[in-house]
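Reading through the structure tokens given below for one structure.
The values are calculated or read from the model by the stated rules, or taken from the named source; none is laboratory data. Bear in mind that the values here come from a model prediction, so they are computed numbers and not experimental data. Using ideal geometry, Cβ is built from the backbone for each residue, glycine included, and neighbour counts are taken over all protein chains shown. Remember, those area values only see protein heavy atoms, side chains included, never the ligands or the DNA or RNA. Shrake-Rupley method; radii C 1.70, N 1.55, O 1.52, S 1.80 Å.
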Amino acid sequence: MNSGFLSSTTRPLLAVPVLALGLAFAGPAAAAPLKVVATFSIIGDIVRQVGGEEVSVTSLVAPGGDAHTFEPTPADARALKEADLVVTNGLGLEGWLDRLVAASGTRARIAVLSEGVHSATMVEDEGGKSEVITDPHAWQNLANGHLYAANVATALAAVDPAHADGYHHNAVQYEAKIDALDGWVRGEIAKVPADKRRIITSHDAFGYFGRAYGVTFMAPVGISTESEPSAADVAALVRQVKEQGTRALFIENMTDPRLVRQIAEESGAALGGELYSDSLSDPDGPAPDYLTMFRHNVPAMVAGMLKN
């Protein structure tokens, strides 16, 4: 008798080829994202913009941290050990990196994003001795940010050639945004008369910005936040602030604010807020990515300089 229905003993036998057919048409498992370790948050963001969904980025120095004084942990060594690519700024910023690489035993490719930058130097007095120091803060000139993005694409493509075209495409689009932002910054700074373009910050992090956009920056601390200014240096800066009538004083998000507050009190100048120099803010803060950092910093700078 044929009832038109399968018996209970027949159904399991038919289920097997149906399952096999489903497996035959299943696509290959998605490749795991490339593991990239960036030394600090700003270059970590640039890697994310260029790498897109193909990369998983870990920044050793978290938002709000100081790459100058960073002390790696065993967890950081493990992150390097597991990485496919390590991205660093170079120019002497990450003095701790060579030791960390050696301790981790990583075999990851190491990319230096400042490669090709026309680096700047300055003379610093430390303990009565003058020393020529390379300024590592090259990302503060957006033209260098453009170069960083191109270097990221090259580094990612070398490690993951299967997605090279995508990385270079993302870099070109991102570079266009950087170039447009560069034009905006120049237009904003142009609103300030040339004789008012003076700013005091916590340490010498804005030298590349100053040269690119025509602003003079002064700081009680040198290029590295590890420097300690003498009482005479601070007194000289206070005198200069009074003589020039400088009112644009800013604290940087990753430095101790006490010294700048002291200068403000002794000179009669008012603090103009917080600038982001070596570190981004948390995701919900005012500078969660590299481009937004400029859009936060520049209007604050302009408002402060107009008071000079």
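In the set (1) in contact with a Lys or Arg (Cβ under 8 Å, 6 or more places away or on another chain); (2) open to solvent by less than 40 Å² (accessible area, probe 1.4 Å), the condition left unmet by Ser202 is number (1). Taken over the stretch 188-199, the criterion of being out of contact with any strand residue (DSSP E or B) (no Cβ under 7 Å at 6 or more places or on another chain) and open to solvent by 40 Å² or more (accessible area, probe 1.4 Å) is satisfied by Ala190, Lys191, Pro193, Ala194, Asp195, Lys196. Taking the stretch 36-92 as the range and being more than 12 Å from the chain's Cα centre (by Cα), of a type in the set (A, V, I, L, M) and either open to solvent by less than 10 Å² (accessible area, probe 1.4 Å) or within 20 Å of Gly105 (Cα to Cα) (or both) as the test, the residues that pass are Val36, Val37, Val50, Val57, Ala75, Ala77, Ala79, Leu80, Ala83, Leu85, Val86.
Does Val117 satisfy the condition of being out of contact with any Gly (no Cβ under 7 Å at 6 or more places or on another chain), among the β-branched types (Val, Ile, Thr), modelled with pLDDT of 95 or more and within 14 Å of Gly90 (Cβ to Cβ)?
Values: out of contact with any Gly (no Cβ under 7 Å at 6 or more places or on another chain): yes; among the β-branched types (Val, Ile, Thr): yes; modelled with pLDDT of 95 or more: yes; within 14 Å of Gly90 (Cβ to Cβ): yes.
So Val117 fits the description; yes.
Among what's in the stretch 265-308 and is more than 22 Å from Asp135 (Cβ to Cβ) and in contact with a Ser or Thr (Cβ under 7 Å, 6 or more places away or on another chain), pick the residue that is most open to solvent (accessible area, probe 1.4 Å). It comes out as Pro288.
When only residues in the stretch 217-236 that are in contact with a helix residue (DSSP H, G or I) (Cβ under 8 Å, 6 or more places away or on another chain) and surrounded by fewer than 21 Cβ atoms within 10 Å (Cβ to Cβ) count, which is modelled with the highest pLDDT? It comes out as Met218.
Within the stretch 74-82, does at least one residue satisfy the condition of being within 21 Å of Asn151 (Cβ to Cβ) and among the charged types (D, E, K, R)? Scanning the stretch 74-82 turns up no residue that is within 21 Å of Asn151 (Cβ to Cβ) and among the charged types (D, E, K, R).
Could you list, in sequence order, the residues of the stretch 100-111 that are in contact (Cβ under 8 Å) with a residue 12 or more places away in the chain, assigned to a helix (DSSP H, G or I) and surrounded by fewer than 20 Cβ atoms within 10 Å (Cβ to Cβ)?
Val101, Ala103
For beta carbons closer than 9 Å, sequence separation of 6+ or different chains, a first residue in the stretch 34-63 that is under 20 Å from His169 (Cβ atoms) and a second that is at pLDDT below 95, the qualifying pairs are Glu54/Ala31; Ser56/Ala32. Of all the listed residues (Ala143, Ala153), the sole one being touching a helix residue (DSSP H, G or I) at 6+ places or on another chain (Cβ under 9 Å), assigned to a helix (DSSP H, G or I), aliphatic (A, V, I, L, M) and closer than 16 Å to Leu291 by Cβ is Ala143. Could you say whether any residue in the stretch 112-125 is open to solvent by 20 Å² or more (accessible area, probe 1.4 Å), of a type in the set (A, V, I, L, M), in a helix (DSSP H, G or I) and more than 20 Å from Ala32 (Cβ to Cβ)? For the stretch 112-125, residues open to solvent by 20 Å² or more (accessible area, probe 1.4 Å), of a type in the set (A, V, I, L, M), in a helix (DSSP H, G or I) and more than 20 Å from Ala32 (Cβ to Cβ): absent. Among residues of the stretch 244-255 that are closer than 25 Å to Ser281 by Cβ and open to solvent by 10 Å² or more (accessible area, probe 1.4 Å), those with a Cβ under 7 angstrom from a residue that is among the basic types (Lys, Arg) and modelled with pLDDT of 85 or more, sequence gap 6+ or separate chain, pair up as Arg247/Lys307. Only residues that are open to solvent by less than 20 Å² (accessible area, probe 1.4 Å) and on the phi > 0 side of the Ramachandran plot were counted across the stretch 126-174, and they come to 0. Conditions: (1) in contact with an Asp or Glu (Cβ under 7 Å, 6 or more places away or on another chain); (2) under 21 Å from Ala300 (Cα atoms). Lys191 meets all but one. Number of the miss? Of (1) in contact with an Asp or Glu (Cβ under 7 Å, 6 or more places away or on another chain); (2) under 21 Å from Ala300 (Cα atoms), only one is false for Lys191: (1).
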